[in-house]
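Taken together, the values in this text are just the output of simple stated rules run on the coordinates, not laboratory data. Here the structure is a predicted model, which is why all the values come from computation and not from measurement. Note that we place each Cβ from the backbone using ideal geometry, even for glycine, and neighbour counts take in every protein chain shown.
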């Protein structure tokens, strides 16, 4: 029998989730997403041009950047701007967020427009990349609604909701939505990016120390579907809150 | 006669100020300071070592770093970490914050300890460097109280409170605490860093377009003293709120 | 019915594989791996020290670096050394290779030693990260045998073989070992890093354009197991060829 | 009673000043300015284009760059070009020089032209930023006269002379034009950039160690006006020398 | 009397030379050149544009880049892409290769086309810059023949063959084509770039430790002419092999 | 018959040479060398430590850095510190200066000391690298005399004088000491670094456009010996002037 989770949560329980729209007042769309002790500010910026490799092709582009405040973590990490470069981890995460968002957008319908979603971690307690994706989708959706109201978009380019959650194999067994303590001790850490229509957008599974089995992997996928279902509901609620303002 | 201020404020009126302690949960001391539409997260981190140039001298060091989220501004600015360097403006501001804090600390009393205060602008509406200094002082004071409670500091190294405010010459005359709209149209922009004991820590006065007179400068200084007096009260209240938790 | 693969291969057929040991004459272990038109030079270098974060912990470290010659590709790409930084893609790949190798090594048994495996792509035709992992494992195994012969290692720190293969959803259906043409047109691209003992080390599945289903994912995993089985045999043969020299 | 100044100068005495025009033979305007042991080569370069943010606005631009030869100082400092970046101090100084020059130029009258003034310190003995501003103004004025002779400028865009001087609170009291020895021991260091018409362009006052009083500040300003008056005369003489050639 | 060469070669003997065309399959022209234990992959890439400084002048450009795989050497060297810059040595060598190639090309006859030759050292045993030049010339010639076949070039812009060889003063006297062991112990190291028509393109002679005499220099030049004569023959053979494919 | 030189000089005539000691007041040794319109400030800095690769070997090190002020040239060039890197040309030149100086110094006799010679071009009119070497040798010699007087060096580590001169093939034939106008039109440009004892330290000959003959090369070498003879005399005179101060 496995030990209880450090947080006392059930193996298939998310941390408390809140998605508050409108935090970045200048952005076309923004939310502050909280998953337990993890807080990420997601801000979508719209520009009426596309990167050089897409010019003249009648389609748009969605991209993302990721950052972490130096003291979002237990001990202070060096500021990437001061070091003069983004770490490999940062680049990997922002590439993932961008791919996840593009997978649910009809770039033709977007037209010659670029939307950049900045995901900046204010407080980190595990799962920052997943929270970034889940929050970024809402920031993106708000920005699109705002563009629609302004007459810049005639129909929504969004084809589905996208949310992400981490699952892992820990001393408490296969569990959903790892916090920092669990993540540090996990044998396997897997991030799932899924759509509201049941599709898989991205799967990243990593054995930290020793390989894991197919069966374990399937259990993690099962948990991820439970978790993202709740995240889609939270996204809907955040959008409703935005519209009600 | 000069025109009214865009915000309708009196020439010697601050914007609404709030200093909320504890936002960065992992930091030894932190506040979220708001001055009107400007919001800065200030987080103090303590390390038990000093930079190489101070080793073995029995004194500590206080330093600061400054950053702005890409979409803290009206239009998105490029992320400094992605550009691979901090702008001249960023470096100038973080050097100013560090100097301002050190001027009110007895570095000998601090002992061989480094405190780094990160000031990250979440939303910008003018006066970010001044808000950073005012907030950073509170984050620093909280971190020192925490170190004191843990037995790492035996007496407070703080010699005074420090706060900063901008004043400027605008179409509405000499005014206190410029917001972004006023700042953009100002003929002169002056930042005052003053102590609770009436001392001058730093004065930075800049004619944007054409020189200004000594008389005008004295009027700006008079306003700054009015403004910082209120900021010292707000700092006191924030510290009291922290202690009451 | 789906269209035939551009190469005419069956959906579960690998490209021709060759793993030639000894190409980098100065390296402690090296191979030139070819998978169809993809050629990667993998060279393992042994150093008798560990990175700072591991000092004094009685264990070793395995890391990897990845590069691509500027004209390994259809059109010349800029040299990363001249641009002054490694792309996000490069960093993501070299982090993956390092993790994959570490997952099959007992770092305690390695002792205070660092092995760096350089994977440099001489010719690229799809699947370079997978070929890098498969080849890197052999370079690592050769370097360990050489250290063992020299008396620096008393038992093998290798716990299993590791190999990697890409599978994807293409106009020809779910297929194994995508070449460049297939990769460019794939709806989903998935890299599997598996061990000779049936364990999962890493799964990276990405929907390029639109999400894919769980069923499709399971089919890709089935193909990956077919492919890696053949790669383990090729690794064994390469090691045998090395020992026979 | 305060101690005498290390140099024996009266508290309101400048060091010996010389401004020699024409040192950089290729530049449109140049001077070698010496203030005591500080020597700065100021060279103005004219280009018939403006930076992107000013294109099509019918106005010009003035900017400055600052550097220090590695062995301009007591002990050798690292070459910024070799380190790969300019320090925060360098960027702060060159931004100051640029602002100071622009404050005395009618950029509309300049037309679509950029003048860059390079200030390179050949020997440093305190006050390099002030000497740079005072010398740069003369280099700028010479370049404008040369452009006027060539028919590229129809009237002078210069609205006033600009000069800068440091004043500080030292063990000898409030003094004018600090050399390196005084600067190192100063309690407060203040740079004043003033115009020949009595206007304030820039004030930068910094408490090095402990705050200073308003009264002390007014005394520093009084000294600065004495000092810059002499610098305006020296600038006039240098221009006259240039015209006489 | 001097000691025998470590390799046992006569003082005027080259190492075994092979120039194998076609290694980089995507390149317009490529060879793998081997001189003893030194192996360099030379790949020529053709682009239909010229650098900005040559636009509209009706001529082309030839340039080169040089790199060394991290484990081409006895002990691993750091990857330049990871360090974020090319060393002075790398830049010096690639500038040399570019100049050497341009000296034998009629850039007017080339038309508005840029050919970049990448020289990447796979294994290093001395003389890598010379092998790069000798191999790069063949890669260039193949690329030009290919462009000629495609109708992009009407006559050959090549005016001569170019080859390079090192000669040096070692404990074995003046010798031709130094390997790594000889190079490390040489008193003087001289690289000669000569044309098939007897012309001098580049001479780089360096005293490693103590100066050398004119007479010694003339002997090194004599050896270089013997060596390059054989290299021109090897280049011819490689071109013939390419044409026969 | 060839045309006269633009400057009217005889083919074997140097430009006017002056070597003024003591320009950089803080440096252990310095000179301002002028060769016609070229002016270089050479400053030698002494440190009592050696680079890591020489520690504990009982020998010293001589190195050099080279820079050019942005407006040393006809049109302004970008500041390398602002661009964030040194050009390939700069690195090539500073490596050459360092090698040239080391070739005339007994590094064992120097002891564990590093001397860095900074060569900064204030005005450029061709031949800056040669003037740098010739001047750097005097700065080095002065620094060594100063160290000797201070008891840090017991005998001179200098084994010979070193000077450098460019020669080239121009429309006026083979000529000595090219100025900028000649250099721009030269068919071949050759830099000779020779010792006062007749030894060759470095030869760098480059055909700019088309190869040149052995005979031409010998004529250039003959001119170089004429030129450096005069430079050795000028170096002696500068040292005498320094001692006489």
Using packing as a proxy for protection, rank A:178-188, B:37-47 so that the peptide with the highest average count of other Cβ atoms within 10 Å comes first. B:37-47, A:178-188
If you average the sequence gap of Cα pairs under 8 Å that are 6 or more apart and divide by the length of the range C:150-193, what percent do you get for the contact order? 39 percent
Would you please put D:157-166, F:152-161 in order of how densely packed they are, using the mean number of other Cβ atoms within 10 angstrom per residue and starting with the highest? D:157-166, F:152-161
Enter the mean number of other protein chain beta carbons within 10 Å of the beta carbon of each residue in D:225-238, as an integer. 0
Taking only the alpha carbons of chain D, what extent do you get along each of the three principal axes, in Å, biggest first? 58, 42, 36
State the residue of chain C whose Cβ is nearest the axis carrying C onto B, and the distance in whole angstrom. C:84, 5
Order the peptides D:236-244, F:193-201 from the highest to the lowest mean number of other Cβ atoms within 10 Å of their residues. F:193-201, D:236-244
Once normalised by the length of the range A:1-122, the mean sequence separation of its alpha carbon contacts under 8 Å that are 6 or more apart gives a contact order in percent of 32 percent
Distances from residue E:214 to the same position in the other copies: list them in nm, one decimal, shortest first, using label points 7 Å from Cα along Cα→Cβ. 1.5, 7.5, 8.2, 8.3, 8.9
Give the relative contact order (percent, whole number) for chain F; include only Cα pairs under 8 Å separated by 6+ residues. 23 percent
Once the Cα atoms of helix C:214-244 and of chain C are each reduced to a long axis, what angle between those two axes, in degrees from 0 to 90 to the nearest 10, is obtained? 40 degrees
Run the label-point distances for residue B:151 please: 7 Å along Cα to Cβ, every other copy, nanometres, shortest first. 5.1, 5.1, 7.1, 8.6, 8.9
Per principal axis, descending, Cα span of the protein assembly as shown in whole Å: 92, 90, 60
In peptide E:63-71, what is the residue-averaged number of other protein chain Cβ atoms found within 10 Å of each Cβ? 6
For residue A:236, inter-copy label distances in nm, listed shortest first [label point 7 Å out on the Cα-Cβ vector]: 5.3, 5.4, 8.2, 8.2, 9.8
Evaluated at 25 °C with a viscosity of 0.890 mPa s, what Stokes-Einstein diffusion coefficient in µm²/s does the range D:170-245 have when Rh comes from the Kirkwood expression over alpha-carbon pairs? 177 µm²/s
Helix-only mean residue ellipticity at 222 nm for the protein assembly as shown, each DSSP H run of n ≥ 4 adding -39500 (n - 2.57), per residue, nearest 500: -10500 deg cm²/dmol
Antiparallel as a % of all DSSP beta bridges within the protein assembly as shown, to the nearest 5? 85 percent
Take every residue in peptide C:41-52, count the Cβ atoms of other chains within 10 Å of its Cβ, and give the average of those counts. 2
Please report the spacing between the Cα centers of the range B:108-157 and the range B:194-240 in Å, no decimals. 20 Å
